[in-house]
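Chemist: Shown below is the structure under consideration.
The values are calculated or read from the model by the stated rules, or taken from the named source; none is laboratory data. Since the structure is predicted, the reported quantities are computational estimates derived from the model, not experimental observations. Note that we place each Cβ from the backbone using ideal geometry, even for glycine, and neighbour counts take in every protein chain shown.
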Amino acid sequence: MIAVDGLSVAYQGVEIVREVSFTVAPGRTYGLVGESGSGKTTLGRALGRTGGDITAGRISVDGTDVLALSPRELRAWRASSLAVVHQEAGAALDPTMRVGAQLAGALRVQGRPRGDVADLLEKVRLPGEAARRYPHQLSGGQRQRVVIAAALAGRPRLLVLDEPTTGLDATVEHEILDLIWALRADIGAAVVLISHDLALVGRLCDDVGVLYAGRLVEEGPAARVLSAPRHPYTKALIDSAPRIGADSVPAAIPGQPPAPGEAPPGCAFAPRCAAADDRCRTVPPGLADGARCHHPGARAVVPVPALPHRRQEVTPLIEVRNLTRAYGRTRVLDDVSLSIGRNEIVGLVGESGSGKTTLARAVAGLGRRGGGVITLDGAELPVEVGRRDPATRRRVSMVFQDSDASLNPSHTVRTILARALGGPERVEELAALAALEPHLLDVRPHRLSGGQKQRVAIARAFAGRPDLIVCDEPVSALDVSVQAGVLRTLADQQALTGVSYLFISHDLAVVCQLADRVAVMSGGRIVEEGPAERILREPRHPYTIGLLRAAGHEPSQRRRHVH
Amino acid sequence: MRGFLLRRAATVPLTLLGVSLLVFAATELVPGDVARIILGREASQASVQALRDELGLDRPWFQRYADWLGGFLTGDWGTSYTLGVPVQDLVVSRLGQSLLLAGVAFTVLAPVAVGLGLWAGVRHDRAADRVISVGGLAFGAVPEFVTGVVLLVVFAVNLRWFPSGAQAPEGSGPLTVLWHLALPALSLVLLCTGYVARHVRAGTAVSVESAYARAAELRGLTRGQVVRRHVLRNSTVPAASALGVQLQFLLGGLVSVELLFGYPGIGALLLQSAVDKDLPVLQSAAMVLGLLYMVIVLGADVAYRLLDPRVRLGAVAS
Amino acid sequence: MSAAGVTATRVVTRPRRRFRVALGAGVALIAAWTVVAVCWPVLAPFDPEAQDPLSRFLAPGGAHLLGTDQFGRDVLSRMLAGARPVLQVAPFATALGVLLGTAIGLVAGTLGGIIDEIVMRVLDAVAIFPAIIATVLFVALAGRSVTVMVLVIAGAFTPIVARSVRAATLVEREKAYVEAARLRGGSTIREILPNIGPTVLVEATSRFGDAIFAAATLSFLGLGQPPGSPDWGASVSDNRLWLTNAPWTVLAPALAIASLVIGIALTADSLRGRRERS
């Protein structure tokens, strides 16, 4: 039994987690959900007493007051009762040691023999020979299994899973979650699962706590919280997640969460909530009936109907024929053909390494040479963007995945947009098009949030009034609520201008909402292609079926880091 | 990995060629007539011309270069203009002296600098770290002859703990030799310690705060155990590469340290032959030092790759 | 910003205030010696070259604050006057080396391909030769003059600067903002240039320290100014014979060199820290 009571955690004097209380019984799983900056990682760390200063509250695990332990007792408690699986498993393994030696080290702490390494590997369904490998020789999913194996070396009373599948491909994530699910009963520990993914938490957890600006704003049985959320934030969060089968982009939560330590005096969510009144802005609500809200059940977001996407008769704009690209001996693109019509949104789905980014970059004119041709209105496009004439260049633009790197850090937003336009005249107009607040024009990119950066990138892509915009995972690094807003902007601008998109994502749900037609890539080939509704209704290729199954046909949204 | 070794090995002759061209070009820059410089101002024009013929100075430069390089490669290094002794014996014996001094310095440098770096890294942002970091920065910036002079004033003149010359009297025992080498070696060590310590510190600090160290601590290991099992291993790579770089600095520092402490090493020989325009000695000494450098750079590169399994087993492009 | 981000950046960076103190101290030392190099005729109590056989080897104190040397010359005045020769060579050598190196590194890094490959192989071959030995070689053989010293030191710095500028350029070149510029047909160098500015600044400061180091070493080796003129390195070399009797004659120029190079090192380190933080 783990009981957290009134826990507050500060980092360098800034309170990140405030008065959080919850309990988890052995064998049960508690999900902590929140977006970036909600304090969920800090809270997870505090459970093992690493990082941050605990300023108030209690943590007790099976009657042990964890905060009262001396350093020696703390070490003994960690060895006997705690297991932690962090995100980015690769980093949790020593790069200079073989996997077997690292697992043996974890076993030694428990007083178990080295020979048990094979047992551990078997438990996480890894071959015994993995013991002889170095971490870099394993895939991301295999590394995560090794970390889970290390966590199983003892008999933990508390298992903390901090974003255990973030950064993994959907099918790999599915396998890891299966594994955790299967092992859960076996371990018999109280499990705390930390995630930004409400759907995932809903699937795996018995109870859920929703964190916003360091506080639990809603708590309750997972089924109840997901089906009948009481806090407007929870409701909006659920609504903003794209879901397979929805036919329009979801409504976004306006604004963004407060920076740590800058929460407003009343309800921290009030500035973004349509239902907020004066009381919400001044009096912090208490936790009543599972929600910390003065108006439980209210709606935070007034739904704005999306602009209708008019699909006219499709005339071809871009034709990709028999494209082949290779890095050394590895074929990244293998005889790929694809066409994109005017006023059409073509979605391109695939996991990491499937070749989708290489294809996108080839269309834009970046990347290397290879076989095949790309035509624009029937005329062949030079491979290199440098060899395309200015008029052609203007017609194809791109929004990049990594919004940090896609804006020149030395320039203000105004300069960035003016350079794209070739002059300063239409900058304000362009910013308005991407719903970028005018006061952001004179700041440099490092002052912008991820969503704002991506809006600048979108504005820039529209500067030359292009015919096609290649969108390479434009929302995968964004939080769900922000992501919905950016997707909505993309959809609205498409409807207004009739531009075509080649929209790349690893996330089937996002792609299917936006796209008219979807192409599924795997191993450098397009394995299935067709209208979005058809792909969802009756997928033909086993790989597509696997992707759909991994996504669970449920809202599934994961933040993806760039690797 | 094997491909890397082959490629690096292939660059050796190329570098050798480059170094020899550089050395030869430098000697070509000497203003005036080499024969005149050797014989002095009073020598007759006829004897100067005779010497020019003997040295083959009137042939085109590429012929002289080919002759010289060929001679160097076959072990015929010529005779010193000023000392009249075979260059090879001279250079080899001086090189031995220098290697002794550099060896003593490196033997002290490696454990001390790596140890300080580890200590600073494990206790990063504490007082010890600051003292080591700023101290290392300061000593690394100051020319070795300045440090050497201060050491001389303090330890040889005032305290009289060490002799002021580095050359032990003929027939001294090894301890006496070491006693004489202490101050010059120390000034080289002070020059190089900071750089090595700072690199090891940076690697260690990252490793101490890494996810794997944190994970190990969460498994119930003590700080000390985490450092011994994980941090030390991960600090060897930055330590090896920093030591490789500093070994070159150490050799470069030989010139002024040998001059300051009156030590007959190859650095002092290089300087003297340059001042005297003793070209055969100068060319051979410079070539030998250049080769030594190349071996060190190559060795450090290979060691670095062997130590890091990610590079060794080909996760990172080499 | 996640808590993980907070801790990760805290590791490698150190407290901001310490950097400001270090930067302030470093810049103050550089500024002070620059003022001395320009204004020493006003500041020096004696003519640094004036000999006085009657007051040889006077200990520090009295009229000669830092004592006198074997010719009865004022050590303090010679120390002040000695700032000029090093500060004549080092800034020019640094500027030239950094300019050349930046140009080469920027062009090689931006163009890439075969040109980059050739340039880097040549620089590798040059860099393998110990800079100080090459410097001794060229200065000793080509004759000593300020021009030769500047050229030789700048030549030794060029490959070092070129390598780090190229490395920084390669990092920037791969970033999407440069690709965005390529997509619209803009100049990539123009996009990259402001972002390698901090790298160039750090290089320039570090190389400035190295240039002082090199210039002082060359004059210590007797390859600098003509004998007798006030010069830190040469003073250490000339006076080391009287180390036992008159250590102040050696210590004064030695400590002058040390204070200047340490000032530059502190500045360079603070700038490097600031670049790494941002």
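For every residue, the table says whether it meets (1) over 22 Å from B:V245 (Cα atoms); (2) modelled with pLDDT of 85 or more.
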residue	(1), (2)
B:A102	no, yes
B:V134	no, yes
B:A141	no, yes
B:F145	no, yes
B:L151	yes, yes
B:V157	yes, no
B:S164	yes, no
B:Q167	yes, no
B:V177	yes, yes
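Chemist: Scanning segment C:211-224 for residues that are surrounded by 24 or more Cβ atoms within 10 Å (Cβ to Cβ) and not aliphatic (A, V, I, L, M), which turns out farthest from the other protein chains (Cβ to nearest Cβ)?
Modeler: C:G224
Chemist: Something else about it: Among the numbered conditions (1) under 21 Å from the mean Cα position of the chain (by Cα); (2) under 22 Å from A:G6 (Cβ atoms); (3) at pLDDT 80 or above; (4) not assigned by TED's automatic domain parsing to the domain that holds A:G37, tell me where A:P260 comes up short.
Modeler: (3)
Chemist: Please work out which residue is nearest to the chain's Cα centre (by Cα), limiting yourself to segment B:60-81 and to residues that are loosely packed, with under 13 Cβ neighbours inside 10 Å and assigned to a loop (DSSP other than H, G, I, E, B).
Modeler: B:G75
Chemist: May I pose another question? Six or more apart or on different chains, Cβ atoms under 7 Å: show the pairs whose first residue is in segment B:236-259 and without any contact (Cβ under 8 Å) to a residue 12 or more places away in the chain and whose second is not in a helix (DSSP H, G or I).
Modeler: From residues that are without any contact (Cβ under 8 Å) to a residue 12 or more places away in the chain, the pairs are B:G252/C:P130.
Chemist: For segment A:177-200, give me the residue count where each residue is over 13 Å from A:F22 (Cα atoms) and either among the small types (G, A, S) or assigned to a loop (DSSP other than H, G, I, E, B) (or both).
Modeler: 8
Chemist: Further question: Residues that are closer than 16 Å to A:L502 by Cβ and within 28 Å of the chain's Cα centre (by Cα): which strands (runs of 3 or more DSSP E) entirely in segment A:304-404 hold 1 or more of them? Don't jump to the end; show me each part of the working.
Modeler: Values: elements: A:316-327, A:330-341, A:345-349, A:371-376, A:396-399.
So the answer is A:330-341, A:345-349, A:396-399.
Chemist: Next question. Considering only segment B:115-135, state which residues are within 10 Å of chain C (Cβ to nearest Cβ) and either closer than 17 Å to B:V189 by Cα or of a type in the set (S, T, N, Q) (or both).
Modeler: Once the filter is applied, which keeps residues that are within 10 Å of chain C (Cβ to nearest Cβ) and either closer than 17 Å to B:V189 by Cα or of a type in the set (S, T, N, Q) (or both), segment B:115-135 yields B:S133, B:V134.
Chemist: Of all residues in segment A:339-363, how many are surrounded by fewer than 21 Cβ atoms within 10 Å (Cβ to Cβ) and of a type in the set (A, V, I, L, M, F, W, C)?
Modeler: Result for segment A:339-363: 0.
Chemist: Let me confirm something: among C:R184, C:R166, which residue is over 25 Å from B:A285 (Cβ atoms), of a type outside the set (S, T, N, Q) and surrounded by fewer than 24 Cβ atoms within 10 Å (Cβ to Cβ)?
Modeler: One residue alone meets the criteria, C:R184.
Chemist: All but one of (1) within 25 Å of A:Y501 (Cα to Cα); (2) under 29 Å from the mean Cα position of the chain (by Cα); (3) at the interface with another protein chain (Cβ under 10 Å from one of its Cβ atoms) hold for A:R419, so report the exception by its number.
Modeler: (2)
Chemist: Identify the residue in segment A:127-141 that is assigned to a helix (DSSP H, G or I) and over 21 Å from B:R312 (Cα atoms) and, among all such residues, is nearest to the other protein chains (Cβ to nearest Cβ).
Modeler: A:G141
Chemist: Considering only segment A:205-213, I want to know if a residue exists there that is in the same structural domain as A:G31 (by TED's automatic domain parsing), more than 16 Å from A:G31 (Cβ to Cβ) and not small (G, A, S).
Modeler: So in segment A:205-213, the residues in the same structural domain as A:G31 (by TED's automatic domain parsing) come out as A:205-213.
Then keep just the ones that are more than 16 Å from A:G31 (Cβ to Cβ); that gives A:213.
Okay, now just the ones that are also not small (G, A, S), so none.
No, there is no match, as no residue in segment A:205-213 is in the same structural domain as A:G31 (by TED's automatic domain parsing), more than 16 Å from A:G31 (Cβ to Cβ) and not small (G, A, S).
Chemist: Just checking, does segment B:215-230 include any residue being crowded, with 23+ Cβ neighbours inside 10 Å, within 28 Å of the chain's Cα centre (by Cα), within 29 Å of A:V146 (Cα to Cα) and within 14 Å of chain A (Cβ to nearest Cβ)?
Modeler: Checked against the condition, which is being crowded, with 23+ Cβ neighbours inside 10 Å, within 28 Å of the chain's Cα centre (by Cα), within 29 Å of A:V146 (Cα to Cα) and within 14 Å of chain A (Cβ to nearest Cβ), segment B:215-230 yields no hits at all.
Chemist: Can you spot a residue in segment B:91-107 that is within 14 Å of chain C (Cβ to nearest Cβ), assigned to a loop (DSSP other than H, G, I, E, B) and crowded, with 22+ Cβ neighbours inside 10 Å?
Modeler: No, there is no match, as no residue in segment B:91-107 is within 14 Å of chain C (Cβ to nearest Cβ), assigned to a loop (DSSP other than H, G, I, E, B) and crowded, with 22+ Cβ neighbours inside 10 Å.
Chemist: If you check C:A204 against the conditions, is it more than 11 Å from chain B (Cβ to nearest Cβ), modelled with pLDDT of 90 or more and within 16 Å of C:A37 (Cβ to Cβ)?
Modeler: Answer is no for this residue.
Chemist: Take C:R18 and decide whether it is modelled with pLDDT of 80 or more and basic (K, R).
Modeler: Numbers: modelled with pLDDT of 80 or more: no; basic (K, R): yes.
No: the conditions fail for C:R18.
Chemist: Since A:Q493 meets every condition but one in (1) of a type outside the set (F, W, Y); (2) crowded, with 24+ Cβ neighbours inside 10 Å; (3) over 18 Å from A:N408 (Cβ atoms); (4) at pLDDT 90 or above, which condition does it not meet?
Modeler: (2)
Chemist: Here is a list of conditions, (1) within 11 Å of chain A (Cβ to nearest Cβ); (2) without any contact (Cβ under 8 Å) to a residue 12 or more places away in the chain; (3) out of contact with any strand residue (DSSP E or B) (no Cβ under 9 Å at 6 or more places or on another chain), and C:L183 meets all of them except one; can you say which number that is?
Modeler: (3)
Chemist: Further question: Name the residues in segment C:39-61 that are in a helix (DSSP H, G or I) and either farther than 25 Å from C:F71 by Cα or modelled with pLDDT under 80 (or both), would you?
Modeler: C:S55
Chemist: Another question about this same structure. Report the residue count in segment A:417-434 for those that are surrounded by 18 or more Cβ atoms within 10 Å (Cβ to Cβ), within 25 Å of A:S481 (Cβ to Cβ) and without any contact (Cβ under 8 Å) to a residue 60 or more places away in the chain.
Modeler: So the count comes out to 3.
Chemist: Could you please find all residues in segment A:3-17 being at pLDDT 90 or above and more than 11 Å from chain C (Cβ to nearest Cβ)?
Modeler: A:A3, A:V4, A:D5, A:G6, A:L7, A:S8
Chemist: Step by step: first the residues of segment A:134-149, then only those that are of a type in the set (G, A, S) and closer than 26 Å to A:V208 by Cα, then the one that is surrounded by the fewest Cβ atoms within 10 Å (Cβ to Cβ). Which residue is that?
Modeler: Filtering first and then ranking leaves A:G141.
Chemist: Moving on to the next point. When the residues of segment C:264-278 are filtered to those that are within 9 Å of another protein chain (Cβ to nearest Cβ) and not acidic (D, E), which remaining residue is farthest from C:Q88 (Cα to Cα)? Walk me through how you get there before you give the answer.
Modeler: If we filter segment C:264-278 for residues that are within 9 Å of another protein chain (Cβ to nearest Cβ), which is where we start, we get C:264-266, C:268-269, C:278.
Retained after the next criterion (residues that are not acidic (D, E)): C:264-266, C:268, C:278.
On the way: C:I264: 16, C:A265: 19, C:L266: 21, C:A268: 20, C:S278: 34 Å.
Checking each candidate, the answer is C:S278.
Chemist: Residues that are more than 28 Å from B:D33 (Cα to Cα) and aliphatic (A, V, I, L, M): which helices (runs of 4 or more DSSP H) entirely in segment C:88-181 hold 3 or more of them?
Modeler: Here the list reads C:113-127, C:146-173.
Chemist: Right, something else. Look at A:R203 and say whether it is in a loop (DSSP other than H, G, I, E, B) and surrounded by fewer than 24 Cβ atoms within 10 Å (Cβ to Cβ).
Modeler: For A:R203, the condition - in a loop (DSSP other than H, G, I, E, B) and surrounded by fewer than 24 Cβ atoms within 10 Å (Cβ to Cβ) - is not met.
Quick grid of which residues meet (1) of a type in the set (K, R); (2) within 12 Å of chain B (Cβ to nearest Cβ); (3) within 25 Å of A:L43 (Cα to Cα); (4) free of Cβ contacts under 8 Å to residues at least 24 places away in the same chain:
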| position | (1), (2), (3), (4) |
| --- | --- |
| A:R108 | yes, yes, no, yes |
| A:A182 | no, no, no, yes |
| A:D197 | no, no, yes, no |
| A:V201 | no, no, yes, no |
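Chemist: For segment B:280-287, indicate whether the set of residues that are surrounded by 22 or more Cβ atoms within 10 Å (Cβ to Cβ), touching a helix residue (DSSP H, G or I) at 6+ places or on another chain (Cβ under 6 Å), of a type in the set (S, T, N, Q) and at the interface with chain C (Cβ under 9 Å from one of its Cβ atoms) is non-empty.
Modeler: no
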